[in-house]
1. Just to confirm the filter: which chymotrypsin sites (Phe, Trp or Tyr not before Pro) across the stretch B:32-96 are DSSP coil and have at most 15 other Cβ within 10 angstrom of their Cβ?
2. With a 10 Å Cβ neighbour count serving as the proxy for reagent exposure, in which order, fewest first, do B:278, B:298, B:217 appear?
3. Could you state the angle between the C-alpha long axis of helix A:85-95 and the longest principal axis of the C-alpha atoms of chain A, as a value from 0 to 90 degrees rounded to the nearest 10?
4. Roughly how many whole Å is it from the C-alpha centroid of the stretch B:280-324 to that of the stretch B:138-180?
5. Within a 10 angstrom radius of the beta carbon, how do B:433, B:416 rank from fewest other beta carbons to most?
6. Towards the positive end of the charge dipole of chain A, with charges on Cβ (+1 Lys, Arg; -1 Asp, Glu), say which of A:271, A:25, A:240 has the farthest Cα.
7. Given B:308, B:294, B:245, which one lies farthest toward the positive end of the charge dipole of the stretch B:233-324, if we put +1 on the Cβ of every Lys and Arg and -1 on the Cβ of every Asp and Glu?
8. Could you give the distance between the Cα centres of the stretch B:394-464 and the stretch B:342-388, to the whole Å?
Amino acid sequence: MSEQKTSKQSGAVQTTGHAWDGDIQEFNNPLPRWWLWSFYATVLFSVIYWVLFPAWPVGKTYTKGVMNDITYELNGKKVTTHWNTRALLMRDMQQGEDAVKQRKYMQKVASLSFSQVLANPEMMDFTRKVGKVLFADNCAACHGSGGQGKVGLFPNLVDDDWLWGGSISDIQATITHGRQGFMPSFRTAFTKKQLDDVVDYVLSLSGHKVDAARAARGKRIFNGQTGGCYYCHTKAGTGMKSAGSANLTDSIWTVADVNGQRDLEGKRAEVRRVILNGISRKMPAWKDRLSPVEIKLLSLYVYDLGGGKK
Amino acid sequence: MADDTKREVLFEARMPIYPRSVKGRFRRIKWAILALAYGVYFLLPWLRWERPGGIDQAVLFDIQARKFYLFNLTVYPQDIFWLAGILVIAAILLFFVTGVAGRVFCGYFCFQTLWTDVFILIERIVQGERPARIRLDKMPWGPYKFVRKGLTHLLWLLVAFATGLTFVLYWGDAPTLLRQFFTGEAPFPAYATAIFLTATTYVMAGLAREQVCTYMCPYARFQSIMFDTDTKIVAYEQARGEGKNGRAKLGKGRKQLDERHAQGLGDCIDCGFCVQVCPMGIDIRNGLQMQCTSCALCIDACDNIMDSLGWPRGLIRYTSEAEQKGGKARFWKPKTIGYGLVLLASIVLLVWSVASRSELSVAARQVRQPLYVVLSNGDIQNSYDIKLNNKSDRPMKIRITQQGLDGAVLDMGRIRHITLSPGQRLQVHVKVRMRRSAHGGQIPFDFIIQPVGRKDLKARHVREYFSMPGGDR
């Protein structure tokens with residue numbers, strides 16, 4: 001279009017008609033009309049924007065705009081402020097469609113008993129989705145994103161072996177109040193021979209093929225006054241949830257990486273290491289950081305991960 | 001500066017077009033298509049349809065519930081690829097038809113053409129036929145002109161508003177939404193959409209008209225690439241119309257065909273009727289032009305003149321370049337066969353996909369963090385998230401079992417019954433336990449998801465893998 005028009009004008013591009021120094025002229029390429037109108041429209045838009053939204057700095061403050069109040073709740077008090085994205089977010093988190101919907105579910109979880117939630121597919125779906133986020137924010141740093149833990153450091157929450165009990169109320173108590181896991185060092189209590197005997201007995205408890213004579217001697221130390229291991233681990237070696245002591249008869253090892261070793265010597269070394277050094281582990285309490293309903297959701301989530309027990 | 005903008009060097013004002021009305025067979029076809037299209041568009045939201053779910057609108061696009069109702073078909077967001085299928089079919093159909101018969105879509109079916117037709121009809125009823133409209137435009141502003149022009153624009157706005165409002169009615173229960181709309185209770189998007197479409201309809205069909213086709217529409221531009229010498233086009237028969245010495249108006253000694261032929265004059269009497277009826281404002285006698293939408297009104301115009309003179313019809317007619325050169329237009333050629341096959345294939349694919357849809361959609365995904373876990377008795381446990389979606393309008397009871405893992409236990413915690421309400425989506429956490437085997441690896445198995453008590457629904461098998469820790473450990 002434009003080319004046709006220019007060519008119509010006797011083949012020459014228009015000039016403004018000004019001339020400097022006699023022959024320096026200025027081309028005139030006016031803007032298309034639609035462009036000009038669009039430009040005026042943006043100018044108009046910005047003026048309206050200045051009026052309606054925070055825009056101009058004035059001294060130490062700024063213009064707040066009109067008719068743009070946002071009300072939200074902060075620490076139980078209603079706050080009304082001019083338009084800003086932070087307030088917008090606060091309001092959306094409190095009054096938005098999804099926030100309202102989530103609150104309804106939260107209230108339902110709070111009002112139902114554990115077994116009611118566990119038997120309800122819809123509530124478990126909600127639990128798993130919210131629990132995943134809570135877990136990632138609060139627990140995953142130690143227990144891993146899927147709750148798989150780290151052998152030797154943090155317990156695996158996906159299996160069915162629980163130091164402090166795997167019932168839903170046990171899990172809730174653990175999260176609420178935290179746990180302090182402790183096993184003393186036996187470095188000075190055992191001679192080298194005694195240590196080897198106890199190591200073989202411990203391994204025999206979970207069905208490892210070890211030196212029978214050693215294991216028999218180890219059993220006496222384990223259940224006698226020399227070792228006194230049975231105080232916490234019980235005479236059967238199954239552990240006690242009140243003390244957080246490990247069950248030594250199953251195939252799960254949380255501190256000594258027995259399953260990670262190929263040969264018997266490796267397994268022995270792992271158990272020996274733990275007996276020599278002892279254990280001191282701590283899980284913090286979450287009652288001051290999470291609300292009761294969040295702890296409830298988290299308990300349900302962990303319970304459902306893989307090994308919850310009745 | 002002010003002086004420069006007034007000159008508008010880079011702006012070309014639109015040349016007004018005053019299409020004359022015409023009667024004839026193509027005009028009749030076009031009116032029929034227009035009546036059908038308007039009938040469907042304006043009445044469809046009001047058509048009621050019986051459904052078990054209680055939604056009784058035949059065609060309803062329910063954005064909030066994320067369900068599109070099309071008669072007996074309910075479309076869910078997961079079925080979005082059907083939309084892609086429809087678009088693919090529409091595109092190929094356009095290629096196919098354009099290759100064979102030119103711009104049929106533009107001339108007969110495009111809503112720009114349909115709505116412009118109605119707007120021109122309103123213009124004609126209010127302001128009169130072409131000469132009257134030209135006169136009115138040249139007239140200085142006064143009460144008469146003001147009333148005529150004002151009434152035209154008012155009626156245009158009414159049609160535009162009806163168009164916009166009707167579009168909105170497809171997205172909610174039409175009677176409810178209509179009442180809400182006029183009582184100020186409708187949602188904001190309803191007003192915004194209605195106003196926007198009113199404005200665009202008014203501007204496009206009332207003010208911009210043929211400029212939309214010439215400058216804005218991409219299809220207009222690329223359809224011409226699909227033309228070949230066999231494509232049907234609306235064309236003026238140059239040889240017959242112009243003769244040896246060109247066209248000439250009727251006059252003394254030029255009233256009969258034999259007189260004219262003796263003088264070497266063509267059959268075209270240069271009445272200009274074909275130009276006057278053209279909504280694009282072109283002269284078809286100048287040959288095939290980019291602007292021509294193949295609306296065929298010039299054919300009607302010329303046929304009417306030829307009939308009145310008692311001369312044979314067809315001076316302007318549907319023909320092809322090949323026919324103009326004395327040959328014959330081929331229909332069966334690689335292009336049409338190719339497009340035809342692809343078109344057929346995509347239609348079959350879409351119909352098959354819609355016909356074989358399931359009322360239950362399922363998906364399973366293994367939890368990968370951790371892939372497996374060793375239990376206290378040495379067994380191996382994997383866990384899976386199974387997604388279920390009841391796409392029917394009745395509650396659905398689901399049973400989940402597995403097939404392919406011998407002796408494995410499937411554990412859903414304390415969940416005993418899964419019942420999905422209509423439209424419900426649910427994710428279930430399922431744990432699978434199995435004895436440790438000597439060899440590790442990925443063991444394939446199927447989750448069988450069986451709707452209970454529904455003989456019409458087949459059990460769905462979903463392939464998954466059980467991760468067994470490797471034998472190298």
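Read-outs: derived from the displayed coordinates by stated rules, not from any lab. Remember, it's a predicted structure, so these values are computed and weren't measured experimentally. Please note: Cβ atoms are built from the backbone with ideal geometry, for glycine as well, and neighbour counts cover all protein chains shown.
1. Working: sites: B:38, B:41, B:42, B:46, B:49, B:61, B:68, B:69, B:71, B:81, B:82, B:95, B:96; in loops: B:49, B:71.
Here the sparse-neighbourhood loop sites are B:49, B:71.
2. On the way: B:278 23, B:298 28, B:217 16.
So the ranking, lowest neighbour count to highest, is B:217, B:278, B:298.
3. That helix lies at roughly 60 degrees to the long axis.
4. Cα centres, the stretch B:280-324 to the stretch B:138-180: 34 Å.
5. Numbers: B:433 21, B:416 8.
With the fewest neighbours first, B:433, B:416 line up as B:416, B:433.
6. Positive-most Cα among the choices belongs to A:240.
7. So the residue we want is B:245.
8. Between the Cα centre of the stretch B:394-464 and that of the stretch B:342-388, the gap is 11 Å.
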